[in-house]
Every structure is written in structure tokens, then in C-alpha cells.
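Visitor: My questions will all concern the structure given below.
All of the numbers you see were taken from the coordinates with simple rules; none came from a lab. Remember, predicted model here, so these are calculated numbers, not experimental data. Cβ: placed from backbone, ideal geometry, glycine included. Neighbour counts: every protein chain shown.
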Amino acid sequence: MAAVRGAEKFKEGVLGMNTPAELKYTEEHEWVKLEGKEALVGITDYAQGELGDIVFVELPSEGKTVKQGEVFGTIEAVKTVSDLYAPVTGKVIAINTALVDHPEHINKSPYTDGWMIRIAVDNPGEMEKLLNADGYKTHVGGH
Amino acid sequence: MSGATGSEKKTALYDKHVALGARMVPFAGYMMPLSYSGQLAEHSAVRDRVGIFDLSHMGEFMITGPGAIEAVDKLLTNRFTGSKPFQAVYSPMCLDSGGIIDDLIAYNLPDGVYLVVNASNIDKDARWIQEHLPAGVHFGNISDHTSLIAIQGPATLEFMTPIMDQPIAHMPTYTSVRAKVAGIEALVSRTGYTGEDGYELYVANAVAPELWDRLLELGQSHGLAPIGLAARDTLRFEMGYCLYGNDIDETTTPLEAGLAWTVKMDKADFVGRQALMEQDKSGIPRRLVGLRPEGDRAIPRQGNPLKIEDRQIGHVTSGTFAPSLGMGLGMGYVESALSRPRTRVTIDVRGKDVPAAVTVLPFYTYGSRPGRRKI
């Protein structure tokens with residue numbers, strides 16, 4: 001999710017956002033949760049707040065391979081559109097089909113019901129390139 | 001949208017928005033509420049019930065002195081002379097080229113002509129108007145002392161009638177009255193930018209916070225919701241209303257923008273008349289149209305090229321998801337020959353060719369705005 005809303009950096013927004021410590025983050029505002037050799041991916045609370053109400057999400061089909069740092073889908077909010085970037089390389093083994101009818105899950109529960117894809121991770125070592133929660137907070141806080 | 005620079009002005013209601021939990025963003029030099037509860041919920045609140053907006057970033061000028069009406073009329077494409085007391089007139093203000101400097105509302109008030117202009121154009125308009133006023137006609141910029149609160153939605157009258165010191169239901173659109181709203185003196189205008197019934201309330205900054213609080217409290221039982229700029233934009237977009245800087249600017253004329261009804265060639269001479277007459281005679285090269293993509297999951301965005309068989313014929317000037325219609329729609333300029341409804345065009349949405357049809361504006365025809373035919 002590059003250049004979300006010109007990446008407005010409002011302290012109040014940053015301080016109020018939810019950034020779970022157990023997740024890893026990309027600079028483009030995706031989160032990833034490693035569960036064994038699988039990774040669950042979505043966008044952060046900060047990102048959903050910046051985007052505003054989300055109306056469509058375009059996700060890859062199951063079986064497709066995504067590569068770390070490359071676009072895997074797009075997310076359309078009422079007023080803006082943004083690319084989604086894969087935090088890790090691997091095969092998409094599940095997509096959150098509930099988002100077709102309920103894209104608002106991403107706004108309401110970005111880390112739970114708003115998950116987007118599940119990836120069978122090729123190389124868990126890639127996780128080391130990602131930000132931890134503090135690193136991500138600093139990134140969006142512009143410190 | 002760019003980040004805040006720290007030099008943005010605050011409206012008299014800034015603290016109210018922050019207390020309501022609004023997401024504040026820099027807009028046209030002001031910190032303004034983008035949304036409170038969420039853009040879609042706010043949009044629906046205005047379509048279904050009633051919403052309250054802080055529009056105090058808008059600019060207000062007072063033109064006074066003998067000949068003020070004629071002087072303003074000369075700057076507007078629409079007819080302002082002959083307007084009744086307290087009447088409001090919507091009009092573009094044009095350059096000699098016919099390009100639009102701004103679109104505004106002019107009120108014929110007893111103490112002078114009251115102009116309400118776009119926030120982003122306040123300085124430019126002030127210069128332009130002062131340069132064009134004859135001796136003896138005075139210009140005053142009262143933007144920094146004036147607050148504007150809008151009430152919009154089908155439940156507007158149900159909410160406002162009991163809190164007014166005089167009846168307002170009989171007022172035609174584009175008329176105004178001085179009245180007390182919840183006990184506070186205001187210029188009350190039956191105007192808006194949403195397609196719904198509504199009033200715009202101009203008050204002094206000093207009383208604006210008190211008025212805002214009283215309205216929110218009195219409106220509670222009517223479902224009155226505070227509405228941010230995000231929903232204001234989707235509401236106006238669904239009505240096909242032009243947004244200055246998106247759909248109209250100094251390079252577009254009112255004739256191209258579908259605002260021919262605001263250009264009165266038969267009135268006394270006005271700035272831009274010659275150019276607009278010539279354009280009318282020689283043919284209007286392009287027109288602002290509605291664009292409806294095929295399928296319901298493509299959303300046109302501002303700047304997207306419009307094509308027919310790889311030839312660019314125009315571009316999207318406003319594009320968004322239209323909440324009341326449940327689909328992405330666009331507005332944009334196309335060559336006049338291709339501006340007829342149902343003409344098929346292609347929108348280049350981020351490199352993807354999306355087939356679309358030219359469609360009439362407004363997109364949304366079910367609003368509660370008085371005088372509008374319901375289909």
C-alpha cells in the first residue's frame with residue numbers, strides 16, 4: 001500500500017492506532033502473522049484509517065505465487081485506491097472471501113476479520129526484513 | 001492530499017470537531033474534519049435523515065456602496081441585477097478568456113452584496129474583484145470573522161422548524177432570511193451542495209460554537225450527525241455538482257462544464273462574455289459528462305484518461321465510489337461529438353481498460369431538494 005493518502009502523518013492518528021506487538025509489518029502498511037509455515041496477511045489499523053471506508057478488495061486467486069515486495073492486489077476505498085504488497089514470498093493457499101460482501105471488516109477489524117490472504121511461506125527468513133511493531137510505529141510516526 | 005504544514009487556519013469550530021473525534025486534515029489552508037464516524041455512514045445520514053457541516057473555510061466578501069449590484073453583475077455570468085432582496089444567485093465568475101476563476105453564490109442583502117466563494121480561491125478572488133470594482137464600490141473580506149454551518153437532509157425541516165423564530169418551510173431554494181436559529185441570529189439560506197433539502201447558516205465566529213452545540217443537542221432526536229468533507233464530496237458528486245479545482249478551473253468554461261444555464265448572454269456586458277459568445281457560436285469543443293463503468297467493481301479516479309480506440313478524448317475530473325448508487329462513477333470532459341448519453345468510451349483505470357458509457361448528470365435523482373423531480 002504505497003503512498004496511502006500522501007501518508008499524512010498525524011500524531012493523534014498514530015498514537016490512537018492499534019499495532020499489535022506480535023505481528024510484523026511492511027513499510028507499505030501490510031501486517032503479517034507467521035503461524036508455523038503459513039502467514040496471514042492484511043493491512044494495518046493505521047492504513048485502514050488513512051484509506052477511509054473500503055468498498056472493494058481485489059485479491060489473487062488461490063494457488064497463485066506472490067513475491068515479497070511485489071503487488072498482490074488492490075484495495076479501493078471510497079475516495080482512493082492503493083496497491084497491496086506481499087510481505088513474504090509464497091503460494092496463496094486461502095483468501096478471505098467474506099471481504100467480497102463485507103469489505104468493511106477491514107475497517108472494523110483489520111487484524112482479525114479483515115485478513116486478506118494466507119500464504120504458504122517459501123522462506124521464513126524473509127520475515128527478518130520486516131518491521132516489528134515499534135519499527136512500524138516509528139515509520140508511520142515520521143520520527 | 002498533502003500533509004499539514006502547521007500554518008493551517010482553524011475554524012471557530014475546530015475544538016468541537018476534535019472533541020467529536022473527527023479525523024482532521026489540511027484542506028484549502030484550513031484544518032477541517034474529513035470524517036467523524038466514517039464517510040459512508042455520514043453520507044447515508046444526509047441521504048436518509050439530516051447532517052450538520054462546518055463549512056467555515058468558505059470565503060465571504062461584502063460589496064457595498066452605490067452600484068454594488070451592477071458592479072457584481074459585471075463579474076458574474078449569471079444575472080444578478082433584478083434579483084429580489086435576500087435572493088441568492090449561483091454563478092461562475094470568469095476571466096476574459098471565459099475560463100472560470102471561481103464559482104460562487106451572491107446574495108442581494110439590504111446592506112450590500114454578500115459573496116460566498118471557495119476557500120481555495122479566497123485570495124485570488126479578492127484581488128480579482130477589487131481590481132474590477134468601480135470607484136465608490138467597496139470590498140470587504142469578512143471570511144475570518146464568519147462561520148458557515150450547513151444543515152442538509154430530508155429531515156431538515158422536521159428538525160429546524162421548531163427551533164426557528166419564524167417559518168422557513170415556504171422559502172424557495174436560493175432565498176435567504178435573517179432569523180434566529182436556536183435563539184442565535186443568522187443569515188439562513190435555503191441552499192446546499194448535497195441534493196437534499198437544507199439550509200446554510202452564516203453567523204459571526206463568536207456565536208458559532210454555541211450554535212453548533214445547540215444544534216447538535218436539539219438534533220439528537222432527529223438523528224442529526226456531524227458530516228465531514230469526505231461525505232460532502234460524495235454527496236455533491238452524486239448530484240453532478242462541479243467541484244472547483246476538479247471539474248472546473250481557469251481552463252474550462254461554463255459552457256463546457258454544463259453550466260450554460262448560468263450564462264446569460266442577453267444581460268448587460270460581463271467579463272468573459274465575448275469569449276463565451278464566440279465559443280457558443282463556433283462550437284463548444286468538449287463537455288463535462290457522467291461516466292458509468294461496466295461492471296460494478298471499477299472505480300474511475302481523477303486524472304484517468306478517457307479513450308476511444310487508443311485515442312485520448314478527455315480525462316476524468318472527479319471519480320469515486322458513489323455510496324447511494326453502490327458503484328464507481330466518474331465525471332469528465334469528452335469531445336462534444338462524443339458527449340451524447342450511451343456513447344461508449346474506455347476509461348484507463350491504472351493501466352486497465354474499463355469500458356464505460358457516457359451518462360447524464362445528476363447520477364442521483366432521489367434527493368429531497370425542493371423543486372427536484374422525483375423519478
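Visitor: A 20 angstrom limit on the alpha carbon distance is what I want to check against. Which of A:Lys24/A:Lys129; A:Lys24/B:Lys352; A:Lys33/A:Lys108; A:Lys129/B:Lys352 exceed it?
Guide: In this structure, A:Lys24/B:Lys352; A:Lys129/B:Lys352 lie more than 20 Å apart at Cα.
Visitor: May I pose another question? What base-10 log of the normalised intensity I(q)/I(0) is obtained for the stretch A:28-141 from the Debye formula, alpha carbons as equal point scatterers, at q = 0.13, 0.16, 0.23 Å⁻¹?
Guide: -0.44, -0.68, -1.40
Visitor: Which order do A:Val100, B:Val72 fall in if you start with the one that has the fewest other Cβ atoms within 10 Å?
Guide: A:Val100, B:Val72
Visitor: Got a sec? How would B:Thr251, B:Thr343, A:Thr26, A:Thr80 order by Cβ neighbour count within 10 Å, fewest to most? All intermediate terms of the calculation are to be shown ahead of the outcome.
Guide: Details: B:Thr251 11, B:Thr343 17, A:Thr26 24, A:Thr80 21.
Going from sparsest to densest Cβ surroundings: B:Thr251, B:Thr343, A:Thr80, A:Thr26.
Visitor: Shifting gears a bit: Which of the aspartates and glutamates could be linked to A:Lys137 by a straight reach, that is with a Cα gap under 16 Å, when you skip same-chain ones fewer than 8 residues away?
Guide: Straight-distance partners of A:Lys137: A:Glu8, A:Glu12, A:Glu22, A:Glu27, A:Glu28, A:Glu30, A:Asp45, A:Glu50.
Visitor: Could you give the length gained by full extension between A:Val100 and A:Asn132, i.e. 0.36 nm per residue of separation minus their alpha carbon distance, to one decimal place?
Guide: Full extension of this stretch gives 8.6 nm more.
Visitor: Please report the net charge: other residues with Cβ closer than 14 Å to the Cβ of B:Asp103, K and R +1, D and E -1. Don't skip to the end; give the middle numbers.
Guide: Values: positive: B:Lys124, B:Arg236; negative: B:Asp102, B:Asp125, B:Asp247, B:Asp249, B:Glu250, B:Glu256.
Residues near B:Asp103 contribute -4 overall.
Visitor: While we're here: For the stretch B:239-375, with the dipole built from +1 on Lys and Arg beta-carbon atoms and -1 on Asp and Glu ones, taken about the Cα centre, which of B:Leu361, B:Gly272, B:Tyr333 lies farthest toward the positive end?
Guide: B:Leu361
Visitor: How high is the FRET efficiency from B:Arg178 to B:Asp280, r the C-beta distance, R0 60 Å, rounded to 0.05? List each step's numbers first, then the result.
Guide: Values: r = 39 Å, r/R0 = 0.65.
The pair B:Arg178/B:Asp280 has a calculated efficiency of 0.95.
Visitor: Quote the FRET efficiency, to the nearest 0.05, computed for B:Leu20 versus B:Gln130 with a Förster distance R0 of 30 Å and r equal to the Cβ-Cβ distance.
Guide: The formula returns an efficiency of 0.20 here.
Visitor: Shifting gears a bit: Would you mind working out the magnitude of the charge dipole of the protein assembly as shown relative to its Cα centre, with +1 at each Lys and Arg C-beta and -1 at each Asp and Glu C-beta, to the nearest 20 Debye?
Guide: Numbers: 51 positive and 65 negative charges, 211 e Å.
Computed about the Cα centre, the dipole is about 1020 debye.
Visitor: From the residues B:Trp212, B:Pro285, B:Ser35, which one has its Cα farthest along the dipole of chain B in the positive direction, the dipole being from +1 and -1 charges on Cβ of Lys/Arg and Asp/Glu about the Cα centre?
Guide: Ranked along the dipole, the leading option is B:Pro285.
Visitor: Let me ask something additional. Take every DSSP beta bridge with both residues inside the protein assembly as shown and express the antiparallel ones as a percent of the total, to the nearest 5.
Guide: 95 percent
Visitor: Add +1 for every Lys or Arg and -1 for every Asp or Glu among the other residues with Cβ under 10 Å from the Cβ of B:Pro92, and state the total.
Guide: Charge balance near B:Pro92 sits at -2.
Visitor: In addition: Treating only the Cβ atoms of Lys and Arg (+1) and Asp and Glu (-1) as charged, compute the dipole magnitude of chain B about its Cα centre; round to the nearest 20 debye.
Guide: It works out to roughly 980 debye.
Visitor: Further question on the same structure: Just want the answer: with Cβ charges of +1 for Lys and Arg and -1 for Asp and Glu, which residue in B:Tyr193, B:Ile308, A:Asn96 is farthest toward the dipole's positive end in the protein assembly as shown?
Guide: B:Ile308
Visitor: Got a sec? How would B:Trp212, B:Trp128 order by Cβ neighbour count within 10 Å, fewest to most?
Guide: B:Trp128, B:Trp212
Visitor: So, with +1 on the Cβ of K and R and -1 on the Cβ of D and E, and no other charges, what is the size of the charge dipole of the stretch B:1-104 about its Cα centre, to the nearest 20 debye?
Guide: Computed charge dipole of the stretch B:1-104: roughly 260 debye.
Visitor: Moving to a separate point now. For the stretch B:35-110 and the stretch A:72-90, write down the distance between their C-alpha centroids in whole Å.
Guide: 39 Å
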